[in-house]
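The values are calculated or read from the model by the stated rules, or taken from the named source; none is laboratory data. In this text the structure is predicted, and so the values were computed from the model without any measurement. Positions of Cβ are backbone-derived with ideal geometry, glycine not excepted, and every protein chain shown enters the neighbour counts. Just the protein is used for accessible areas: all its heavy atoms, side chains included, with ligands, DNA and RNA removed. Shrake-Rupley method; radii C 1.70, N 1.55, O 1.52, S 1.80 Å.
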Amino acid sequence: MKNFNLNTYVRSNVLNLKPYASARDEYKDISGEMVFLDANENPFENGVNRYPDPQQKTLKTRLSLLKQVSEKQILLGNGSDEILDLIFRAFCEPNTNQIITTPPTYGMYEVLANLNAIAIKKVELNSLFQPKVDAILEAQNDQTKLLFLCSPNNPTANSFNVESITTLISKFKGIVVIDEAYIDFSTEESWVKKLHKFPNLIVTQTLSKAYGMAGIRLGICFASEEIIAVLNKIKPPYNVNELTQRKALERLSQPEKVSEDIQHILQQRKHLLAELTAINFIEFVYPSDANFILVKVDDANTRYFQLIEKGIVVRNRTNQPLCQNCLRFTVGTERENNNLITALKQLQ
């Protein structure tokens, strides 16, 4: 996007906002023998009696090296959902602005839009689950602020065409948010590597999927320093707790184990894709670039409850656009996947 002026997209009250300064913002160095009587903390040491680093500097340093981006281009949140909510709050005026989504996609975009009183323009994907570029660009108007693209997409599991995304980022008149929750399972390159080319691009990732850290709720946002500075103005002061920061650092220090887990999931995904094609009531197995597989069956509601009776919980996506009679299977361990295949064969 040429001549991108971020200030024209930021809500006026956010642009003029004086952010809250926490005790740890005012005095950052907590090492040494200083006596801390500034934050009304309980003084008795138990490992978590002090407030966490509000800017998560150590964690950002590790992520900066891993992702090859500046620490100033990283924002961390209490799960990706908090980050997405901050994006709405920073750029969308309630009861005025509009966003564009591409169903079927991650349901929280719509939930957060409704929560923030933002209108939604939905442009469904085409029959190959790819974005309709011309229709998306035609759907924007003067009040359109954000375009959400989930790639690899949930629930369809495919990655969007690189040329299509490039065109959308270049021609969309607002900010493009690419949700890369499943990027570590994909053969496509992360759009984080292209941030320097697109000042209107935000990329979100998570430690919940490939890193196996869903329980700690850590979302990651990558964008220009200017966009990150805006989001930092409005984030809660201690939004990422101490235990989350510690567990994240611990996991990030185990790259070999993370890689091993990802490879296991990819191998099991390949195994599942092959096995599922042999199930007679599965009408189509969609290709996957994620850690889950979407399949079309004869009757999704019936098959869903049959699997429940066999002790297996999958996701019924039949009510999503373009997903009639579709079930979504997460790739589990070898034992879990074999249990799924066995159960499906028993239902034939």
**Message:** Against the condition touching a residue at least 60 places away in the same chain (Cβ under 8 Å), in contact with a helix residue (DSSP H, G or I) (Cβ under 9 Å, 6 or more places away or on another chain), in a helix (DSSP H, G or I) and not aromatic (Phe, Trp, Tyr), how does Val230 come out, does it pass?
**Reply:** yes
**Request:** Out of the residues in segment 88-113 that are among the small types (Gly, Ala, Ser) and in a helix (DSSP H, G or I), state the one that is nearest to Val230 (Cα to Cα).
**Result:** Ala90
**Asked** Out of (1) in contact (Cβ under 8 Å) with a residue 24 or more places away in the chain; (2) in contact with a strand residue (DSSP E or B) (Cβ under 9 Å, 6 or more places away or on another chain); (3) among the β-branched types (Val, Ile, Thr), the odd one out for Ile341 is which?
**Response** (2)
**Message:** When you check Ile202 against the structure, is it within 19 Å of the chain's Cα centre (by Cα), open to solvent by 10 Å² or more (accessible area, probe 1.4 Å) and among the aliphatic types (A, V, I, L, M), yes or no?
**Reply:** no
**Request:** Read through the list (1) farther than 28 Å from Lys235 by Cβ; (2) part of a helix (DSSP H, G or I); (3) within 20 Å of the chain's Cα centre (by Cα), then give the number of the only condition that Pro155 fails.
**Result:** (2)
**Prompt:** Among Tyr304, Tyr286, which is the only one that is surrounded by 17 or more Cβ atoms within 10 Å (Cβ to Cβ), farther than 27 Å from Asp184 by Cβ, touching a strand residue (DSSP E or B) at 6+ places or on another chain (Cβ under 6 Å) and at pLDDT 95 or above?
**Reply:** Tyr304
**Item:** Evaluation of Phe185 against (1) touching a strand residue (DSSP E or B) at 6+ places or on another chain (Cβ under 7 Å); (2) in contact (Cβ under 8 Å) with a residue 40 or more places away in the chain; (3) among the hydrophobic types (A, V, I, L, M, F, W, C) (one fails), failing number
**Value:** (1)
